[in-house]
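Here's the structure, in structure tokens; my notes come after.
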Amino acid sequence: MATHHESFPCHRTRRSFLADFGGGFTGLAMGAMLHRDRVVRANDDAARSVIDGQPQKQPKAKSVIWLFMGGGVSHMESFDPKPALNKYAGLTIEESPVADKVLKSPFYRKNVRDFAGGPRKLMSKLYPMQISYRPRGECGVEVTDWWPHVGSMIDDIAVVRSCWCTDNDHAAQYEMHTGHHIFDGYHPSVGSWAHYGLGSLNDDLPSFVAIGEPPGVCCGGKGAQNGAYLGPEHNAVHLKFDANNPLPYASPGPEVFQEEQAAEFELLRELNNLSAAKHPDDSLVRARIKSYELAFRMQTSIPEVFKITNETAATADLYGLNNSVTKSFAESCLLARRLVERGVRFVQLYHGGGGGGSWDAHSNLKDNHGKLSPQVDQPIGALLQDLKQRGLLEETLVVWATEFGRTPGEEGTKGRDHHPYGFSCWLAGGGIKGGIAHGTTDDIGFHAAEHRHYVTDIHATVLTQLGLNPRSLEVPGHKRLEIEFGKPIREIVA
């Protein structure tokens, strides 16, 4: 890092700055210092203006809403319909007319042949699609009938049908958020990188928020929303949708007077000040100072954000707040809109979280997806429509993701197994082209065949639309590999 990072413009050292300034200003100054360091760090790289050999454009997105469906949504029954499954149902892949395409492809020979689950999956009988599909919107991109509301917005969506990852179990949830196999150890999530690179747009709200139940411990747990070696100040703040107590750990309780709490915070600021002056490079001290300051301010700002009763009846109907099936996720989606319009940088919403995830349909896929899709389809479609009609979709990038797809062959009783070789994600808003399906899987959805994209390409696209160069997002002592940076998906960017 260049030497000018080590002092402020007035040539005062960090140590003396922290030691001299007390009271409530310390945490704000620390936050400003960290933000300035991030900006300088990004601009220091001479290659910032060039990403993947192409000039960087002005940022199109200010915020990101990341929708994650835990458990593995079937790409064939959502955004990549495969009529060939109906045609060849009951045959194994080896018996079907598509065998040559699948078994002789370079991808299969390189990635699948020696994988422990590969032979078993190839021997299973091809299983027909469990839901009908149709072209949607003016663009005619095909979407299944489990996603009619999202499908109604397809002209604003870019579906990436050629995603892949390396983890065949639900720790792929961790891989989708960090770009790392869980055996690599803990690494920053995409939301943490956005926070590290850009900082906050609102001093009274956290910059990185997570809503809903995160993956289970076996799947990476809260590693999907943590800063890892970037420091705990880049972790997501987890909010619970409870209008009466959305942030329980930030409130001292009704028995504590405001003046009493203010005095406690003043003492804590002074003590933290001493620790910061003694250990200016300690990330835990920085995080502690920032968390106390932010928690104090959030006690006022967060309850106001959660007052969704202030929304119109038309908005409530649009999201499905009055429907018991959609209510829970509708609240989360509406809250996400309220957060980004107030300047929250990255909002991560989970559906089906905990353990391996509710979308894990090893049996009775029709019952599983037929139950879960209606819970989220209307709220997500409403979120896109609401952002668009408010003029927010242009500056808000919405991402829909899941950890992997599901096998074209049947598993158990009318189910599908995990499938990391090819699956779908989609993006909308924030400078993304709408009405396109980019990349393909083969005829039966077995592997990503054209324009293949490892999950970090989704990350790189998000960060690039925010105005960041993923390749400049490094910290000393933590060298990143080529695949970890990813490449922006230029074909879907307007």
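Derivation of every value follows stated rules applied to the coordinates shown; laboratory data play no part. The model shown is predicted, which means the values in this text are computed figures rather than measured ones. Note that we place each Cβ from the backbone using ideal geometry, even for glycine, and neighbour counts take in every protein chain shown.
Listed cross-link partners 307/433; 240/278; 240/371 are compared with a 31 Å cut-off, the Cα-Cα value being larger for 307/433; 240/278.
Evaluated with a Cβ-only charge set (Lys, Arg +1; Asp, Glu -1), the stretch 57-97 carries a dipole of roughly 520 debye about its Cα centre, given to the nearest 20. With Cα atoms defining each centre, the stretch 187-242 and the stretch 426-494 are spaced 20 Å apart in the structure. The fewest-to-most ranking of 161, 452 by surrounding Cβ atoms within 10 Å reads 452, 161. Taking a ≥ b ≥ c as the square roots of the eigenvalues of the Cα gyration tensor, the stretch 432-475 is classed as oblate, since a/c reaches at least 1.5 and a/b does not exceed b/c.
Remark: 472, 78, 332 ranked as 472, 332, 78, counting other beta-carbon atoms within 10 Å and listing the fewest first. Across the stretch 123-249, the mean sequence separation of Cα contacts (distance under 8 Å, 6 or more residues apart), normalised by length, yields a relative contact order of 18 percent. With the alpha-carbon atoms of the stretch 126-172 aligned to their principal axes, the span from lowest to highest coordinate is 36, 26, 16 Å, starting with the largest. When the pairs 82/366; 82/125; 101/366; 62/487 are compared against a 22 Å limit on Cα-Cα distance, 101/366 fall above it.
The ranking of 103, 230, 67 by Cβ neighbour count inside 10 Å, starting from the fewest, reads 103, 230, 67.
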